[in-house]
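The values are calculated or read from the model by the stated rules, or taken from the named source; none is laboratory data. From a predicted model like this one, the values you see are computed outputs, not experimental measurements. All Cβ positions, glycine included, derive from the backbone under ideal geometry; neighbour counts span all protein chains shown. We work out accessible area using only protein heavy atoms, side chains counted, and drop any ligands, DNA or RNA first. Shrake-Rupley method; radii C 1.70, N 1.55, O 1.52, S 1.80 Å.
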Amino acid sequence: MKYIASLVVLAWLSGCATQETIDTDIETDAVTGAKVRRERINLPQNVECTDFAKLSSSVTPPELYGGLVRCIQEDRLNIAVRYFALAGTYTTYDTYRVTEAEPRKLHNKLPLRVRELVGEKKWREFWATTTTTLSTPDTLAEVCHDVRKMAPPQYTPRYMSKTSPAANVEGNAAAFYGKALESYLHCPKS
């Protein structure tokens, strides 16, 4: 259960992200009249909820979170848990590759956008399934196995930062991916 607590904290935290993934609008607060900056995270809307085994390591986290939205909407919660696990593992991995601190905060904002898009009722159903799945050793091991098979990401983390160069981790990609699996999902070392 302690491992799920870190995922819950992750889902509630927020920070900043890049303009490519974030739209910013300035709105006027109806009560105070003050100008308020509102950020909207863009997730692809045309992503299908496909069988997890059909995904590839070139699919970016925004695409995975877009698929997660669809999986939750279609009540395919067991697949949704795997999308969530892979997307979070990939964003964790990407925080090792992006050198600036601010863009890394997108790792925390993407699940919040999913919650916003699917609504509270659907999110609670998904989160109950996620909590049960990831707090049970056997099902956690299955999810870890599935996510581990996806291998390190094969894309450049431009969704995190258009200006910050990605650190070259190719020589250590497997080690960093293992570290992401361990720190995000708390997968046992293989």
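Some notes on this structure:
- Verdict on A85 being more than 9 Å from the chain's Cα centre (by Cα) and at pLDDT 95 or above: no
- L106 vs. criteria under 18 Å from A80 (Cβ atoms) and either of a type in the set (A, V, I, L, M) or within 17 Å of the chain's Cα centre (by Cα) (or both): no
- Counting residues in segment 79-89 that are farther than 16 Å from T129 by Cβ, of a type in the set (A, V, I, L, M) and either assigned to a helix (DSSP H, G or I) or free of Cβ contacts under 8 Å to residues at least 60 places away in the same chain (or both) gives zero.
Yes/no per residue for (1) part of a strand (DSSP E or B); (2) at pLDDT below 95; (3) touching a helix residue (DSSP H, G or I) at 6+ places or on another chain (Cβ under 6 Å):
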site: L112; (1), (2), (3): no, yes, no
site: K121; (1), (2), (3): no, no, no
site: E142; (1), (2), (3): no, no, no
site: P152; (1), (2), (3): no, yes, yes
site: R158; (1), (2), (3): no, yes, no
site: A173; (1), (2), (3): no, yes, no
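- None of V81, V114, V98 is open to solvent by less than 10 Å² (accessible area, probe 1.4 Å) and either of a type in the set (D, E, K, R) or under 17 Å from C187 (Cβ atoms) (or both) except V81.
- Test: residue in segment 95-104 that is part of a helix (DSSP H, G or I) and among the aliphatic types (A, V, I, L, M): yes
- Every test in (1) under 15 Å from the mean Cα position of the chain (by Cα); (2) open to solvent by 30 Å² or more (accessible area, probe 1.4 Å); (3) modelled with pLDDT of 95 or more is passed by D138 save one, and that test is (1).
- Residue list for segment 50-77, filter: open to solvent by 10 Å² or more (accessible area, probe 1.4 Å), over 27 Å from A173 (Cβ atoms) and touching a helix residue (DSSP H, G or I) at 6+ places or on another chain (Cβ under 7 Å): V69, Q73, L77
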